[in-house]
Protein chains: 2
Amino acid sequence: MTQVADERSLDLLFRQARTHSGWTDRPVPESLLRQAWDLARMGPTSVNCQPVRIVFVRSPAAKERLKPALAPGNLDKTMAAPVTAIIADDGAFFEKLPSLFPHADARAWFVNNAALAASTAHRNSTLQGAYFLLALRAVGLDCGPMSGFDQAKVDAEFFPGGVVKSNFLINIGYGDPATLHPRGPRLDFDEACRIE
Amino acid sequence: MTQVADERSLDLLFRQARTHSGWTDRPVPESLLRQAWDLARMGPTSVNCQPVRIVFVRSPAAKERLKPALAPGNLDKTMAAPVTAIIADDGAFFEKLPSLFPHADARAWFVNNAALAASTAHRNSTLQGAYFLLALRAVGLDCGPMSGFDQAKVDAEFFPGGVVKSNFLINIGYGDPATLHPRGPRLDFDEACRIE
């Protein structure tokens with residue numbers, strides 16, 4: 001018989017989950033970040049390349065380093081969040097392919113093709129960022145993803161060297177439901193999809 | 001009390017799910033594609049922009065139109081899959097923002113900034129593609145995602161006009177577990193993440 005996910009879990013991951021901007025002061029245990037990683041890392045990537053790199057900005061000192069890069073609308077909620085994850089692309093991901101994908105010389109496909117390496121790093125780190133966001137929800141955490149920040153400033157501060165590039169941010173914590181606004185509308189199947 | 005997802009559902013979405021290349025002949029009902037969309041569309045996107053567009057390539061005639069664009073290694077499995085989803089970025093997504101995000105004139109942020117519009121379309125369609133992949137698994141389907149294809153050929157055939165651009169493909173069906181190879185290794189938390 002075909003297995004399907006249970007309804008309560010789908011509510012938690014998709015239907016009732018909301019993007020949060022207001023946070024309770026309940027702390028985020030490191031163990032939950034690790035549990036979420038252990039789920040998210042199982043999601044598929046091209047030739048198993050797994051290019052995502054994540055910095056969890058948690059200490060007040062690290063938050064201060066992130067602060068100058070934040071767009072004004074993202075400043076207060078990000079400084080207040082217990083943890084902010086920087087989801088980033090490792091442009092040198094292919095150096096790990098001999099162990100991650102030993103079936104072929106996949107490193108060779110990327111090492112001399114900078115455009116393919118960059119697009120593969122970016123697409124797959126974004127996929128992994130989405131897996132991770134849903135995994136954070138699966139372990140009971142709330143998320144506030146955002147892309148409004150100065151990528152060059154974040155990279156200079158957290159990824160000096162130019163190989164790893166920031167992609168998007170996720171505030172992580174336990175959201176305060178009293179701060180939520182009504183949910184925005186979603187596109188119907190027939191507005192976004194077609195069958196041929 | 002904090003809600004967490006049940007273990008069986010997490011096995012289905014993450015831990016036991018595999019990328020499939022061999023398919024049984026069990027058909028994929030349209031109702032399941034619609035159920036998966038109704039889950040995936042709830043996932044977060046920047047300013048609720050929802051730029052993903054999906055073409056489900058199902059008929060033999062449509063599969064023949066896709067065929068010339070496929071990389072050799074992706075040809076047979078894609079032609080054999082009951083359905084192949086083309087996950088695409090709508091470069092004109094911002095035209096829907098007045099209804100999707102009525103709180104501000106978000107359309108104005110993108111309409112004269114082609115670079116921001118393109119990067120937002122691509123990042124968010126990729127996030128939505130990942131949500132959709134996990135949602136397909138949640139309704140009991142198996143997936144085979146891939147990026148090895150000629151994007152220009154797919155765009156010319158399925159998205160003439162230059163506004164919508166193909167991003168990646170997902171073969172969809174009921175996988176034949178007998179065709180699976182052992183799962184590739186995954187990066188440990190400390191190889192991909194750090195806490196600051």
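Coordinate-derived values only; no laboratory data. In this text, all values refer to a predicted model and were calculated from it rather than measured experimentally. Ideal geometry is used to build each Cβ from the backbone, glycine not excepted, and the neighbour counts take in all protein chains shown.
The table below gives the values:
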read-out	value
Stretch gain in nm, segment B:Ala104-B:Ala178, where the contour uses 0.36 nm per residue and the Cα spacing is subtracted	21.4 nm
Net charge over other residues, Cβ less than 12 angstrom from the Cβ of B:Ala5 (K, R count +1; D, E count -1)	-2
Test item: B:126-139 mean partner chain Cβ contacts at 10 Å	6
Taking region A:37-177 and dividing mean pair separation by its residue count, relative contact order in percent (alpha carbons under 8 Å, at least six apart)	36 percent
Whole-Hz couplings from phi, Karplus 6.51/-1.76/1.60, listed for region B:181-186; x for Gly and Pro	9, x, 5, x, x, 10
Within 10 Å of each Cβ in B:88-96, the average number of Cβ atoms from other chains	1
Mean Cα-pair separation over length for region A:81-159, i.e. relative contact order, pairs under 8 Å, 6 or more apart, %	24 percent
Cα convex hull of region B:128-196 - mean projected area over all directions, nm²	7.9 nm²
Of the DSSP H helices in chain A, those whose Cα atoms cover at least 18 Å axially and whose Kyte score averages -0.5 or more	A:114-138
Alpha carbon centroid spacing (whole Å) that separates region A:49-104 from region A:120-196	11 Å
Average beta-carbon neighbours from other chains, 10 Å sphere, peptide B:43-50	6
Estimated distance in nm for a label pair at A:Glu64 and B:Arg34, the labels positioned 7 Å out from Cα along Cα-to-Cβ	5.7 nm
Residues with amide H under 5 Å from that of B:Cys193, placed H, sequence gap 5 or more	A:Ile54
Stokes-Einstein D in µm²/s, Kirkwood radius over Cα pairs - chain B at 25 °C with 0.890 mPa s viscosity	134 µm²/s
Teacher prompt: A:Pro68 distances to equivalent labels in other copies, 7 Å Cα→Cβ, nm	5.4
Mean Cβ count within 10 Å, highest first, over the residues of peptides B:181-191, A:62-72	A:62-72, B:181-191
Cross-link pairs B:Lys63/B:Lys153; B:Lys77/B:Lys153; A:Lys77/A:Lys165; A:Lys63/A:Lys153; A:Lys96/A:Lys153; A:Lys67/A:Lys165 - those with Cα-Cα distance over 21 Å	A:Lys77/A:Lys165; A:Lys96/A:Lys153
